[in-house]
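Trainee: Below: one structure in structure tokens.
The values are calculated or read from the model by the stated rules, or taken from the named source; none is laboratory data. Nothing here was measured: the structure is a model prediction, and the numbers come from that model. Counting neighbours? That spans all protein chains shown, and the Cβs are built from the backbone with ideal geometry, glycine included. Each accessible area value is taken on the protein alone, full model and side chains, heavy atoms only, with ligands, DNA and RNA left out. Shrake-Rupley method; radii C 1.70, N 1.55, O 1.52, S 1.80 Å.
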Amino acid sequence: MDAFITALRAELYVALRSNSTRLVVVLPALISSVQLLLLSFRSAGEQAREALSGQGFGQTSVAGADAWGALVDAMSTGLTLTGLMLVAYAAWSFAGDRDSGALRHLLIRRVSRRALLAAKLVNVHIIGALSVALMLAVATLVANALWDFGPVVEDGYELIGTQEIHAEIRLGLILALIPLPAAIALGTLVSVSTQNATQAITAALGLTLALDIFKGLMGDASGYLYVSYQASLLNESYLSDVSRLVRGFSDVLIDPAALQLNQWAPWPQMLVMVVASLIIVQYRKL
Amino acid sequence: MARDETLASQPVLSIAALDKRYGKTAVLNQLHLNVERGAIHGLVGLNGSGKTTTMECVLGMQPFQSGKLQVLGRHPSRLWQGRGDVVGIFDAPSLHPALTVRQALEHARLVCGHPVRTPAEVEDLLGIARYSNYKIRQLSLGNRRRTSIAHALIGQPEFIVLDEPFNGLDAGGVDDVLALIKKLNHEHGTTFLLSSHQLAYLENVCTHLAILHRGRIELSDHVDNLFHGRQARLDVSCDQANRASVLLAEMPGVSDITRTGDNDHAMLSMTLHALDAAAVNTALVLAGISVSGLEMRRPSLTQLFHDIVGTH
């Protein structure tokens, strides 16, 4: 345990002074904020155009839908980016230190190989948690500055209340966060298996994108694949359904079985990849 | 206490019948090597002879197929349990490139089981204080190597393994590192295993030498023993070279006399057998020949190395 704590402190010491870490933490928040700003400009432009041309007159408007929809979309974008960056960061974490030789000092002086890998995994999770927390906080603040939030109302009829929206967003976020540890474990497995950091990052991102595409071809079986629940470029996460729900759409069909799978399927996959990483790291040349 | 006493009597490094293969290619072949406590043991060999692989096996960075390897009584995979009693300084300086020199040394202090020096002290020791705020990636190879050595000296290791420690160092840097190795060895009893192609530097600093060739240790012994029995050459500067040559040729224990220069001032070079330079000097002076210089030349490590590995 002492060795693990030492390794974790050493990892955090380097992470706090690394530009790569800052990028992983800050970039998702920045991108989701930019998306919110662009959506707000587009929304304001459309409203101005409709007001000038009178085209919007007589059409039904859904109050509050834009604000919630934009916020959920921005969060989804932020989580997509966070997922990809965490996979890349996890892939770089071990392979980069192996390339520079920096992990040799730790392994000779103070830490076992497994404790070092465990510390790196925890380090990536801490950075991931910071990244998600910052992105959610910044997106919420920016959205609040740009829009007024309230229940989604159409013609005086409340389609969905604020509390219900909050509950749906919360559930959507939890379900989208559950597969992230498995994504990190994939990055780590690639990191300990490849020859160098460039190969590790390329392979980890390539595999993630390949799995993303692959899930569309798997039919119902894709429900057992962790990437099916990850916010991604081909988004099938529950958060994409939440985006429609909070816009007042009533045609969102949610399969309870898929929600169940979302909650447990990523964990055994993460476990298998972590165990495989621990076995590989014990026997490979460093 | 009993374990400490047992360890003190054991070699710091003990390698027996070590085999290491990359695929079907054997790199180390039944390698045997002992490094005694307090020794500065040099490891020399041609490119590809297995020096770095040996170092990496010793430090637990590479698994090996068979054989026995113990460092301070531990298997290499358990070196970390010694909390810094063994350190390695590699051919490529193994430091986080994004950290500054000071941060790298603070990081070393963080991971060192028993730090005995502050980052500022080791910076002064290695002459890198003025680069304290430079990022590792901004440093020259020589200064990265100095930082790497400084990194190792935050603690008080019993055993230091250095792979090519003189690469990239300027003449002053080499002198500093040689002096530091001698100082740590004399003052703290630190044991060293160092590999290098710079045979003259190794000859200068090492108490023991091992020659690695084709994955085997061909020779490993105390430096004095390595040259024992190998004939030394004596150079004598004198006048009356004709008389001196005749006189020396008649002396028992002197052979292979060669001469350069004229009769008034010549250099005579000869091989001595069970005879010291003082006897030659006395004989010449008693014969009225002025001797202006005497120099004993033992075979160099380079010569010994070439004799063993068969290169020129």
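Trainee: Determine whether the stretch B:163-176 contains at least one residue that is at pLDDT 90 or above and not in a helix (DSSP H, G or I).
Mentor: Of the residues in the stretch B:163-176, the ones at pLDDT 90 or above are B:163.
From what is left, the residues that are not in a helix (DSSP H, G or I) are B:163.
The answer is yes, given that some residue of the stretch B:163-176 is at pLDDT 90 or above and not in a helix (DSSP H, G or I).
Trainee: Check B:D256, B:D221, B:D264, B:D235 and return the single one that is part of a loop (DSSP other than H, G, I, E, B) and among the charged types (D, E, K, R).
Mentor: On the way: B:D256 fails: part of a loop (DSSP other than H, G, I, E, B); B:D221 fails: part of a loop (DSSP other than H, G, I, E, B); B:D235 fails: part of a loop (DSSP other than H, G, I, E, B).
Only one candidate qualifies: B:D264.
Trainee: Something else about it: Return yes or no: is B:R137 surrounded by fewer than 22 Cβ atoms within 10 Å (Cβ to Cβ), within 11 Å of chain A (Cβ to nearest Cβ) and either at negative phi or out of contact with any helix residue (DSSP H, G or I) (no Cβ under 8 Å at 6 or more places or on another chain) (or both)?
Mentor: Here the answer is yes, as B:R137 does meet what is asked.
Trainee: Please specify each residue of the stretch A:208-251 satisfying the condition of being among the hydrophobic types (A, V, I, L, M, F, W, C) and open to solvent by 80 Å² or more (accessible area, probe 1.4 Å). Write out each step before concluding.
Mentor: Restricting attention to the stretch A:208-251, the residues satisfying the condition of being among the hydrophobic types (A, V, I, L, M, F, W, C) are A:209-211, A:213-214, A:217-218, A:221, A:225, A:227, A:231, A:233-234, A:239, A:242, A:245-246, A:249.
The answer is A:I213, A:F214, A:L217, A:L233, A:L234, A:F249.
Trainee: Report, ordered by the first and then the second residue, all pairs with beta carbons closer than 6 Å, sequence separation of six or more or different chains, a first member in the stretch A:1-21 that is more than 7 Å from chain B (Cβ to nearest Cβ), and a second member that is outside any helix (DSSP H, G or I) and not charged (D, E, K, R).
Mentor: That search, which allows pairs on different chains as well, returns A:A7/A:V111.
Trainee: Can you confirm whether the stretch A:257-271 contains a residue that is small (G, A, S) and on the phi > 0 side of the Ramachandran plot?
Mentor: So far as the stretch A:257-271 goes, no, none of its residues is small (G, A, S) and on the phi > 0 side of the Ramachandran plot.
Trainee: If B:E158 satisfies every condition in (1) under 26 Å from B:Q103 (Cβ atoms); (2) open to solvent by 20 Å² or more (accessible area, probe 1.4 Å); (3) within 14 Å of chain A (Cβ to nearest Cβ) but one, which is the exception?
Mentor: It is condition (1) that B:E158 fails.
Trainee: Pick from the stretch B:238-252 the residues that are out of contact with any Asp or Glu (no Cβ under 9 Å at 6 or more places or on another chain) and part of a loop (DSSP other than H, G, I, E, B): which of them is least open to solvent (accessible area, probe 1.4 Å)?
Mentor: Per the stated criteria, the residue is B:M251.
Trainee: Of the residues A:L205, A:L186, only one is assigned to a helix (DSSP H, G or I), in contact with a helix residue (DSSP H, G or I) (Cβ under 7 Å, 6 or more places away or on another chain) and surrounded by fewer than 21 Cβ atoms within 10 Å (Cβ to Cβ); which?
Mentor: Criteria check complete, one pass: A:L205.
Trainee: B:R130 - would you say it is charged (D, E, K, R), surrounded by fewer than 21 Cβ atoms within 10 Å (Cβ to Cβ), within 12 Å of chain A (Cβ to nearest Cβ) and part of a helix (DSSP H, G or I)?
Mentor: Here the answer is no, as B:R130 does not meet what is asked.
Trainee: With respect to B:I181, is the statement that it is part of a loop (DSSP other than H, G, I, E, B) and in contact with a helix residue (DSSP H, G or I) (Cβ under 6 Å, 6 or more places away or on another chain) true?
Mentor: no
Trainee: Let me ask something else. Looking at A:L171, A:L177, which is the one that is at pLDDT 95 or above, open to solvent by 50 Å² or more (accessible area, probe 1.4 Å) and within 23 Å of A:Q260 (Cβ to Cβ)?
Mentor: On inspection, the qualifying residue turns out to be A:L177.
Trainee: Before we move on, is B:G67 more than 9 Å from chain A (Cβ to nearest Cβ), in contact with a Cys (Cβ under 6 Å, 6 or more places away or on another chain) and part of a strand (DSSP E or B)? Talk me through it step by step, then tell me what you get.
Mentor: Details: more than 9 Å from chain A (Cβ to nearest Cβ): yes; in contact with a Cys (Cβ under 6 Å, 6 or more places away or on another chain): no; part of a strand (DSSP E or B): yes.
No.
Trainee: Quick check on the stretch A:1-42: of everything there that is outside any helix (DSSP H, G or I) and out of contact with any helix residue (DSSP H, G or I) (no Cβ under 8 Å at 6 or more places or on another chain), which residue is farthest from A:L121 (Cα to Cα)?
Mentor: Only one residue fits best here, namely A:S18.
Trainee: While we're on this one: I'd like the full set of residues that are open to solvent by 20 Å² or more (accessible area, probe 1.4 Å) and on the phi < 0 side of the Ramachandran plot, limited to the stretch B:186-198.
Mentor: B:H186, B:E187, B:H188, B:H197, B:Q198 - these are the residues of the stretch B:186-198 that are open to solvent by 20 Å² or more (accessible area, probe 1.4 Å) and on the phi < 0 side of the Ramachandran plot.
Trainee: Restricting the first residue to the stretch B:122-140 and requiring it to be within 21 Å of A:D97 (Cα to Cα), which pairs with a second residue that is of a type in the set (F, W, Y) and open to solvent by 10 Å² or more (accessible area, probe 1.4 Å) meet a Cβ separation below 7 Å and a spacing of at least six or different chains?
Mentor: B:L139/B:Y131
Trainee: Another question, then. Which of the residues belonging to the stretch B:83-122 are over 26 Å from the mean Cα position of the chain (by Cα), within 7 Å of chain A (Cβ to nearest Cβ), open to solvent by 10 Å² or more (accessible area, probe 1.4 Å) and of a type in the set (A, V, I, L, M)?
Mentor: Correct list: B:A98, B:L110.
Trainee: Here is a follow-up. Take the conditions modelled with pLDDT of 90 or more and open to solvent by 20 Å² or more (accessible area, probe 1.4 Å) and apply them to B:N47. Does it pass?
Mentor: So B:N47 fails the test.
Trainee: Being of a type in the set (S, T, N, Q) and within 14 Å of chain A (Cβ to nearest Cβ) is the filter; apply it to the stretch B:140-155 and report the residue that is nearest to A:T6 (Cα to Cα).
Mentor: Restricting attention to the stretch B:140-155, the residues satisfying the condition of being of a type in the set (S, T, N, Q) are B:140, B:143, B:147-148.
Now drop any that are not within 14 Å of chain A (Cβ to nearest Cβ), which leaves B:147-148.
On the way: B:T147: 22, B:S148: 20 Å.
Across the stretch B:140-155, the extreme among qualifying residues is B:S148.
Trainee: Shifting gears a bit: Would you confirm, using the coordinates I've provided, whether B:L125 is in contact with a Leu (Cβ under 7 Å, 6 or more places away or on another chain), outside any loop (DSSP other than H, G, I, E, B) and modelled with pLDDT of 90 or more?
Mentor: no
Residue-wise test of (1) open to solvent by 10 Å² or more (accessible area, probe 1.4 Å); (2) touching a residue at least 40 places away in the same chain (Cβ under 8 Å); (3) polar (S, T, N, Q).
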{"site": "A:W68", "(1), (2), (3)": "yes, yes, no"}
{"site": "A:Y89", "(1), (2), (3)": "yes, yes, no"}
{"site": "A:I108", "(1), (2), (3)": "no, no, no"}
{"site": "A:V111", "(1), (2), (3)": "no, yes, no"}
{"site": "A:N123", "(1), (2), (3)": "no, yes, yes"}
{"site": "A:V138", "(1), (2), (3)": "yes, yes, no"}
{"site": "A:L146", "(1), (2), (3)": "yes, yes, no"}
